[in-house]
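Following: one structure in structure tokens, then a few remarks.
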Amino acid sequence: MKTVFFIIFVLCNILVHSQNTSASLDKIFFNAEKLRFDDITTAEIENFQFISPTIDPDRMQSFQITPSHFTPSKRAKSVKKISNYIKYGLTGEKNLFSYDLFDHEGKKYFTNERGYINIHYYYDGNQRLKEKIRVVKNDTVFHHKYVYNEKNQLLASSEISVEYDNQHRPIHYRNIKFPSSPYITVLTYKKNKVRIEEKEGDKILGLKEFTFSENNNLIKETYGNRTVFNSYNDKNQKIKSVAFANKNMYSVEDFEYNEMGDIKIHRLRSTLDIKNGTKAENRSQYKYDQWGNKIYMLSEGEINAITTENFYEIEYY
């Protein structure tokens, strides 16, 4: 699991750059929901150059928003503490779920979840995450350590080492604790695609592939038999995701943003008919304070029948 988590993180943070591209690929899959899977056009860019940036393992963001995950906005004021309260159902009680503590520079140094899970974060002199320790009921269950090279690229994460090619792209992940292990993760680059193979010797155990646009946006994700097509607006904000499994479409997600660029509404539509013949949908709405930090999230709909509210109480320095 550590390997899978780390790989997804790296790929979500790979920056890409291309030259002499005449048209954007950011909306090439916008109408994917109206097409058969086999009729969806492939998106390729010749002479594409991948660049790996500084990796910050603590700030990985998956776009499927998790209510308890919170990254402060970098607008004027510095966040000191964020408390996340959850309320289930319209008549339920509002209970504290978690809280995060941040230093004056915006680095998170402590998280408490459910009252008995504590996560400690430690940084090196270059403000890079050095250690992450997760303690459950006074027992340390995870202790992640991170090592970087002079280019700020991650060389090792706990038991995983990373190798780069001469273009500074990650190409191999190996188990440090068991160097003779036959398991290895191999990354290959072709045009604007990254292919990731989980291998045991020459046998491929798992396969992922990621396709990027010339604007650094992840426009296609493939995980085995599951494929997700993403579309973006001219502000590089994701506006739609269409997901297929075994070439059959099963969900469509739409995203709307406010004038400050923060997500305002997220809709998840299931393309599978429910018993009454309608389409199932989930809706999430967000509110922010004057500093651009999320203070409220409402989730409701037919897929998840329980209405859930998240309240974020923020203390500033």
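Quick notes on this structure:
- Test for Asn236: is it on the phi > 0 side of the Ramachandran plot and either of a type outside the set (A, V, I, L, M) or in contact with a Leu (Cβ under 7 Å, 6 or more places away or on another chain) (or both): yes
- Filtered residues of the range 64-108 (kept if more than 19 Å from Ile265 (Cα to Cα), modelled with pLDDT under 70, under 23 Å from the mean Cα position of the chain (by Cα) and hydrophobic (A, V, I, L, M, F, W, C)): none
- Summed over the range 75-106, the residues that are farther than 21 Å from Phe311 by Cβ and either crowded, with 17+ Cβ neighbours inside 10 Å or without any contact (Cβ under 8 Å) to a residue 40 or more places away in the chain (or both) give a count of 3.
- Top-ranked residue in the range 90-122 [being among the charged types (D, E, K, R) and part of a strand (DSSP E or B); ranked as nearest to Glu315 (Cα to Cα)]: Asp100
- Taken together, Asn225, Asn293, Asn230, Asn276 contain a single residue that is at pLDDT below 95 and within 26 Å of Phe37 (Cβ to Cβ), which is Asn225.
- Any hit, the range 212-235, residues being more than 20 Å from the chain's Cα centre (by Cα) and acidic (Asp, Glu): yes
- Top-ranked residue of the range 144-160 - restricted to ones that are closer than 15 Å to Lys132 by Cα and of a type in the set (A, V, I, L, M), ranked as surrounded by the most Cβ atoms within 10 Å (Cβ to Cβ): Leu154
- Those residues of the range 172-227 which are farther than 30 Å from Ser24 by Cβ, surrounded by 17 or more Cβ atoms within 10 Å (Cβ to Cβ) and of a type in the set (Asp, Glu), in sequence order: Glu198
- Considering the range 138-157, the residues that are part of a strand (DSSP E or B) and charged (D, E, K, R) include one that is farthest from Tyr121 (Cα to Cα), namely Asp139.
- Restricting the range 252-273 to residues that are touching a Phe, Trp or Tyr at 6+ places or on another chain (Cβ under 9 Å), over 12 Å from Glu300 (Cα atoms) and surrounded by 13 or more Cβ atoms within 10 Å (Cβ to Cβ) leaves a set whose member that is modelled with the lowest pLDDT is Thr271.
- Any hit, the range 114-123, residues being within 25 Å of Leu154 (Cβ to Cβ), modelled with pLDDT under 80 and surrounded by 14 or more Cβ atoms within 10 Å (Cβ to Cβ): no
- Scanning the range 248-267 for residues that are aromatic (Phe, Trp, Tyr) and more than 19 Å from Tyr288 (Cβ to Cβ) yields a single hit, Tyr250.
- Residues being in contact (Cβ under 8 Å) with a residue 24 or more places away in the chain, part of a strand (DSSP E or B) and among the basic types (Lys, Arg) - total across the range 123-137: 1
- Qualifying positions in the range 104-116 - out of contact with any Lys or Arg (no Cβ under 8 Å at 6 or more places or on another chain) and either within 15 Å of Ser83 (Cα to Cα) or not charged (D, E, K, R) (or both): His104, Lys108, Tyr109, Phe110, Thr111, Asn112, Glu113, Arg114, Gly115
The values are calculated or read from the model by the stated rules, or taken from the named source; none is laboratory data. The structure displayed is predicted, hence computed values, not measured ones. Note: ideal-geometry Cβ built from the backbone for every residue, glycine included; neighbour counts use all protein chains shown.
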